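Working notes, beginning with the structure itself.
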Amino acid sequence: MEKIEIRRMREQDVSQAAAIEKENFSLPWTEESFRQALEKKENIYLTALEGEQVVGYIGMWTVLDEGEITQVSVKRECQGRHIGRRLLEMLEEEGKRAGVASFFLEVRRSNAPAIHLYENCGFSVQGIRKNFYENPREDGILMEKKVASHC
C-alpha cells in the first residue's frame, strides 16, 4: 500500500474518476461532465492518488462565500482507509483559500457511513430535500459546515 497523495484533479484523472463515479452512484457523471466542471475556475476538484491510480476524488462549486460539495467518492476497494476524510480536509483548506465560509452538501438518507463522516468533520443537518435522489428515489439530507469548526 503506497502513500496517498491529494492534489488538484487533472485532465488525465478524469477517466479513472468517472469509473469510480460509475461504481458508486446510480446516476453517475460522465467523463464529459467532469471535464466541464474542471473548466470552471471557481470549481475545486481534488484527486486522491495511490501511485498512478486514482482512488478517490471530491468536487465543489463555489459561489461568493459558499461551497457546494458535489461529490465525495472513494473506490470501493479503498473505502475504510480515511481517504474520504482526507479529501474533505484538503477541500476545506482549498475552500478557505478561495474565500468559502460555508460548505454545503446533500447525502442520501440511507448513507449512514457518509453521514457519520460528515458529522465527525463538523457538518450539521440543515434540512431534508424530499425525493432529491432518483434510482432509487430517496430523500436527501442537506448538511452545512461553517469554516469556524474543524475536521
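The values are calculated or read from the model by the stated rules, or taken from the named source; none is laboratory data. Note that the structure is predicted; figures quoted are calculated from it, not measured. Positions of Cβ are backbone-derived with ideal geometry, glycine not excepted, and every protein chain shown enters the neighbour counts. Heavy atoms of the whole protein, side chains included, go into the accessibility calculation; ligands, DNA and RNA do not. Shrake-Rupley method; radii C 1.70, N 1.55, O 1.52, S 1.80 Å.
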Net lengthening on full extension, Asp139/Thr70 (0.36 nm per residue, minus Cα-Cα): 23.2 nm
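Which value at 222 nm does the chain reach when only helices count, each DSSP H run of 4 or more adding -39,500 (n - 2.57), with the total divided by all residues and rounded to the nearest 500 deg cm²/dmol? Write out the running numbers ahead of the final one.
Working: 4 runs with 44 residues, N = 151.
It comes out at -9000 deg cm²/dmol, rounded to the nearest 500.
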Expressed in angstrom and rounded, the centroid-to-centroid distance over alpha carbons for region 48-66 and region 86-109 is 10
Quick check: pseudo-label points 7 Å beyond the Cα along Cα→Cβ at Val125 and Ser102, how many nm apart are they? 1.9
Whole-percent carbon and sulfur contribution to the accessible surface of the chain (1.4 Å, no ligands, DNA or RNA) stands at 50
Does a label point 7 Å from the Cα of Val147, set along Cα-to-beta-carbon, have any residues of region 41-78 with amide nitrogen under 13 Å, and which are they? 63-67
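As a test of reading the structure, rank Asp65, Asp13 by solvent-accessible area (1.4 Å probe, protein chains only), most first. It would help to have the intermediate numbers written out before the result.
Working: Asp65 75, Asp13 5 Å².
The ranking, largest first, comes out as Asp65, Asp13.
Roll a 1.4 Å probe over the protein chains and send me the accessible area per residue for the chain in Å².
On the way: 8370 Å² over 151 residues.
Counting only protein heavy atoms, the per-residue value for the chain is 55 Å².
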Work out from phi, with θ = phi - 60° and the Karplus expression 6.51 cos²θ - 1.76 cosθ + 1.60, the ³J(HN,Hα) of each residue of region 104-109, listed in order in whole Hz, and give x for Gly and Pro. 10, 7, 10, 9, 4, 4
Reachable aspartates and glutamates from Lys145, criterion Cα separation under 17 angstrom, eight or more residues apart if same chain: Asp65, Glu66, Glu68, Glu89, Glu92, Glu93, Glu94, Glu106, Glu119
Short version: what are the Cα gyration tensor semi-axes of the chain, square root of 5 times each eigenvalue, largest first, in whole Å? 21, 19, 16
At a 10 angstrom cut-off on C-beta neighbours, averaged per residue, how do the peptides 132-144, 71-83 rank from highest to lowest? 71-83, 132-144
Looking at Leu105, Thr70, Ala19, which one has the Cα that reaches farthest to the positive end of the dipole of the chain (charges on Cβ: Lys, Arg +1; Asp, Glu -1)? Leu105
Of the convex hull drawn through the C-alpha atoms of region 55-142, the volume per residue in Å³ is 99
List every residue whose amide H lies under 5 Å from the amide H of Met9, counting only residues 5 or more places away in sequence or on a different chain, with H placed 1.01 Å from N in the peptide plane. Tyr45, Leu46, Thr47
